[in-house]
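For reference, the structure discussed in these notes is given below.
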Amino acid sequence: MVLQVEVGKRRGGTELAREQILQALIEPVVEGLGYKLWGIEHLAQGRHSALKVYIDAEEGINVEDCARVSRQVSSLLDVEDPIGGQYMLEVSSPGLDRRLFTRAQYEAYVGARIRVSLKRPYEGRRRFTGLLAGLEGDDVVVRVSSDEECLFPLTFVERANIIPDR
């Protein structure tokens, strides 16, 4: 389920600081409505950008849940105005191929197959698929074959998604 709402406004700072500000603003609203904030993505694309808010709940998420959160978050963002320019607000469930945002999410999915994209190449590659073997310190451990594990610093991971069982 995906719900998109177009909103707009002003200026911002660095992307990391912006995501932290957005997290601090949005999380209490989402949790106050009875959902869990799974993650936030701000995708800047020239003059237009997208803010994707992923919500979850034990009983799952439906389109009415997304609409409810979207209305509240949109109102909050109109008042707080943390993003510059026009942007599209999209609220959805994380889906079966959910993206992993936090250490706790990585830990919860140990043993699952994942797809990892790195910010820069490792041994000439940026994309790896394998079994999430766990975390060692600040590194994600991915078993890419029966006899090979790769450790990637969390800060180097651009994106990691669960590969759903079929």
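Nothing in this text is a laboratory measurement; each read-out follows from the coordinates by a stated rule. This is a predicted model, so every value here is computed, not measured. Every residue, glycine as well, gets a Cβ built from its backbone with ideal geometry; the counts of neighbours run over all protein chains shown.
For GLY32, the shell of other residues with beta-carbons less than 14 Å away shows a net charge of 0, using +1 for Lys and Arg and -1 for Asp and Glu. Counting charges near LYS119 (Lys, Arg +1; Asp, Glu -1) among other residues having Cβ under 10 Å from its Cβ returns a value of +2. Note the angle between two axes, namely the Cα long axis of helix 63-80 and the longest principal axis of the Cα atoms of the chain, as a number of degrees from 0 to 90, rounded to the nearest 10. The helix 63-80 is inclined about 70 degrees to the chain. Which parts of the stretch 74-92 would a label at HIS48 reach, counting a residue when its backbone N lies under 13 Å from a point 7 Å out along Cα-to-Cβ? Flagged as within label range: 86-89.
Judged by the ratio a/c of the largest to the smallest principal axis of the C-alpha gyration tensor, the stretch 39-122 counts as oblate, that ratio being 1.5 or greater while a/b is no larger than b/c. Going from the residue with the fewest nearby Cβ atoms within 10 Å to the one with the most, HIS42, HIS48 rank HIS48, HIS42.
Projected label points at THR129 and ARG113, each 7 Å from Cα along the beta carbon direction, are separated by 0.7 nanometres. Our estimate of slack between VAL144 and LEU96, defined as 0.36 nm per intervening residue step minus the Cα-Cα distance, is 15.2 nm.
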